[in-house]
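**Student:** Handing you a structure now.
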Amino acid sequence: MQKGLSLTEISLNQVSKVYKEAKATALADVSLEIKQGEFFCLVGPSGCGKSTILRLIAGLEKPSAGEIKSPEEVSMVFQSGALLPWMSVEENVSFVCKANGFSTFKSEEQTTKYLRMVDLEGFRYRYPRELSGGQRQRVGIARALAVEPKVLLLDEPFSALDPLTTDELHKYLLKIWEETGKTILMVSHLLEEAVLLSDRIGIMKKSEIKHIVAIDLKRPRNDESKEFLKTLETVKKILENQNS
Ligand code: ADP
């Protein structure tokens, strides 16, 4: 967590979400508090409710019961960047700024600032099809940041990428997190990734958060160090025990 910050940014109080038509309980009585500037990861098997938590916080869905408090300034990063193919890199970022009420001048300023942050300023006139998967996702991150959100929500943002590109994007994300002090909530299906990046991990099973584990490893973290592997093993055991 960024130093000195301990205010609550997001809170879920006994939140449930039921999809009546599908007769699916996506979340059952989930309570969670995420601090300002915290990097929090949700992990757990497919269908356990991870994305539902993100969608509720983003305001894309309403809870069936319980209370959610989160800032209005929330941005979501999707799996493969979700860029509009007919717009250039620059337009993909600036149109979201304009849609959020920024002036043309401010939108251009924000676009330049955040494309620079992900080292893609030189690619601004390219189209998504002319970018690698990793570059597309970097544009997706720049676009999410350009509207100055307080919270960044990431739904398995790297799952379609190869391991080397994923390593590179982890570095970008950590750099951005450290530079901007944003609160980050990320869904991952890779425990290694969650341990590498986060302050705390919420381990989910069947619509519930079963455990919250604090990762007390110093940063920058080395995923080959003894301490890292030991922590990973501990978290893995917790996950396996609840799945057995
Ligand atoms: P995860 O992100 O962990 O894979 P989700 O949050 O996407 O899980 O889904 C949790 C549960 O809610 C699943 O059983 C899923 O089928 C159900 N669900 C999610 N979205 C909808 C929807 N729009 N309509 C009906 N059921 C849904």
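**Student:** How many percent of DSSP beta bridges within the range 85-244 run antiparallel, rounded to 5?
**Tutor:** Details: 6 of 11 bridges.
Bridges in the range 85-244 are about 55 percent antiparallel.
**Student:** While we're looking at this one, here's another question. Using the charge dipole of the chain (Lys, Arg: +1 at Cβ; Asp, Glu: -1 at Cβ; taken about the Cα centre), state which of 18, 120, 211 has its Cα farthest towards the positive end.
**Tutor:** Sorting the options by dipole projection puts first 18.
**Student:** Starting from the 7 Å offset along Cα-to-Cβ, what nm value, one decimal, do you get for the label separation of residue 79 and residue 98?
**Tutor:** With each label point 7 Å from Cα toward Cβ, the separation is 3.0 nm.
**Student:** With a Förster radius of 30 Å, plug the Cβ-Cβ distance of residue 67 and residue 241 into 1/(1 + (r/R0)^6) and report the FRET value to the nearest 0.05.
**Tutor:** Working: r = 31 Å, r/R0 = 1.02.
Efficiency computed from Cβ-Cβ geometry: 0.45.
**Student:** Carbon and sulfur together cover what percent of the accessible area of the chain at a 1.4 Å probe radius?
**Tutor:** On the way: 6190 of 12290 Å².
After summing per-atom areas, the C and S share lands at 50 percent.
**Student:** When the helix-only estimate is applied to the chain (DSSP H runs of n ≥ 4, each -39,500 (n - 2.57), divided by the residue count), what is the mean residue ellipticity at 222 nm, nearest 500 deg cm²/dmol? Walk me through the intermediate numbers first.
**Tutor:** Working: 7 runs with 90 residues, N = 244.
So the calculated ellipticity at 222 nm is -11500 deg cm²/dmol.
**Student:** Further, regarding this structure: State the extension gain, in nm to one decimal, for the chain segment bounded by residue 171 and residue 116, taking 0.36 nm per residue of separation less the distance between their alpha-carbons.
**Tutor:** On the way: separation 55, 0.36 × 55 = 19.80 nm, distance 1.49 nm.
So the extension gain works out to 18.3 nm.
**Student:** Test of understanding: express the Cα radius of gyration of the range 54-147 as a ratio to 2.2 N^0.38 Å, with N the residue count. Walk me through the numbers before you get to the answer.
**Tutor:** On the way: Rg = 14.5 Å, N = 94, 2.2 N^0.38 = 12.4 Å.
Compared with the compact-globule rule of thumb, the range 54-147 sits at 1.17.
**Student:** So for the chain, what are the equivalent ellipsoid semi-axes in whole Å, largest first, each being the square root of 5 times an eigenvalue of the Cα gyration tensor?
**Tutor:** Values for the chain, descending: 29, 22, 17 Å.
**Student:** Wrap a convex hull around the Cα atoms of the range 1-110, take a quarter of its surface area, and give that in square nanometres. Numbers along the way, then the final one.
**Tutor:** Working: hull surface 38.0 nm².
Result: a mean projected hull area of 9.5 nm².
**Student:** Which of 106/150; 17/171; 206/226; 17/98; 175/218 have a Cα-Cα distance over 26 Å? Could you put the intermediate results ahead of the total?
**Tutor:** Values: 106/150 18 Å; 17/171 34 Å; 206/226 32 Å; 17/98 33 Å; 175/218 15 Å.
Going by Cα-Cα distance, 17/171; 206/226; 17/98 fall outside the 26 Å limit.
**Student:** When the expected Rg is taken as 2.2 N^0.38 Å, what fraction or multiple of it is the alpha-carbon Rg of the range 114-233?
**Tutor:** Details: Rg = 15.3 Å, N = 120, 2.2 N^0.38 = 13.6 Å.
Here the answer is 1.13, to two decimals.
**Student:** Same structure again: With point charges of +1 on the Cβ of Lys and Arg and -1 on the Cβ of Asp and Glu, referenced to the Cα centre of the chain, which listed residue (238, 66, 194) lies farthest in the positive direction of the dipole?
**Tutor:** Result: 66.
**Student:** Now a separate question. Placing +1 at every Lys and Arg Cβ and -1 at every Asp and Glu Cβ, with all other atoms neutral, what dipole size does the range 70-173 have around its Cα centre, in debye to the nearest 20?
**Tutor:** Values: 12 positive and 15 negative charges, 43 e Å.
Dipole about the Cα centre, nearest 20: 200 debye.
**Student:** Using only the alpha carbons of the range 166-244, what is the convex hull's orientation-averaged projected area in square nanometres? Each step should come with its number before you reach the end.
**Tutor:** Numbers: hull surface 22.0 nm².
Mean projected area of the Cα convex hull: 5.5 nm².
**Student:** Right, another one. Give the separation of the Cα centroids, the range 124-193 to the range 40-113, in Å.
**Tutor:** The two parts, judged by their Cα centres, are 12 Å apart.
**Student:** Multiply the residue gap between residue 192 and residue 58 by 0.36 nm, knock off their C-alpha separation, and tell me the result in nm, one decimal place.
**Tutor:** Values: separation 134, 0.36 × 134 = 48.24 nm, distance 2.57 nm.
Once the chain is fully extended between residue 192 and residue 58, it gains 45.7 nm.
**Student:** What number comes out for the charge environment of residue 87, summing +1 per Lys or Arg and -1 per Asp or Glu over other residues with Cβ under 15 Å away?
**Tutor:** Values: positive: 98, 124, 126, 129, 136, 143; negative: 90, 91, 108, 130.
Here the count lands on +2.
**Student:** If you place +1 on the Cβ of every Lys and Arg, -1 on the Cβ of every Asp and Glu, and leave all else neutral, what size is the dipole of the chain about its Cα centre, to the nearest 20 Debye? Walk me through the numbers on the way to the answer.
**Tutor:** Values: 34 positive and 34 negative charges, 65 e Å.
Around 320 debye, computed over the chain.
**Student:** State in Å² the accessible area per residue of the chain; use a 1.4 Å probe, count heavy atoms of protein chains only, and round to the nearest integer. Present the calculation step by step, with values, prior to reporting the outcome.
**Tutor:** Details: 12290 Å² over 244 residues.
I get 50 Å² per residue for the chain.
**Student:** According to the square roots a ≥ b ≥ c of the eigenvalues of the Cα gyration tensor, what is the shape class of the range 105-170, taking rounded for a/c under 1.5, prolate for a/b larger than b/c otherwise, and oblate for the remainder?
**Tutor:** oblate
**Student:** Multiply the residue separation of residue 212 and residue 33 by 0.36 nm, subtract the distance between their alpha-carbon atoms, and state the gained length in nm to one decimal.
**Tutor:** 63.4 nm
The values are calculated or read from the model by the stated rules, or taken from the named source; none is laboratory data. Predicted model only: the values in this text are computed from it and were never measured. With ideal geometry, Cβ positions are generated from the backbone for all residues, glycine too; neighbour counts draw on all protein chains shown. SASA here: full protein model, heavy atoms, side chains in, ligands and nucleic acids out. Shrake-Rupley method; radii C 1.70, N 1.55, O 1.52, S 1.80 Å.
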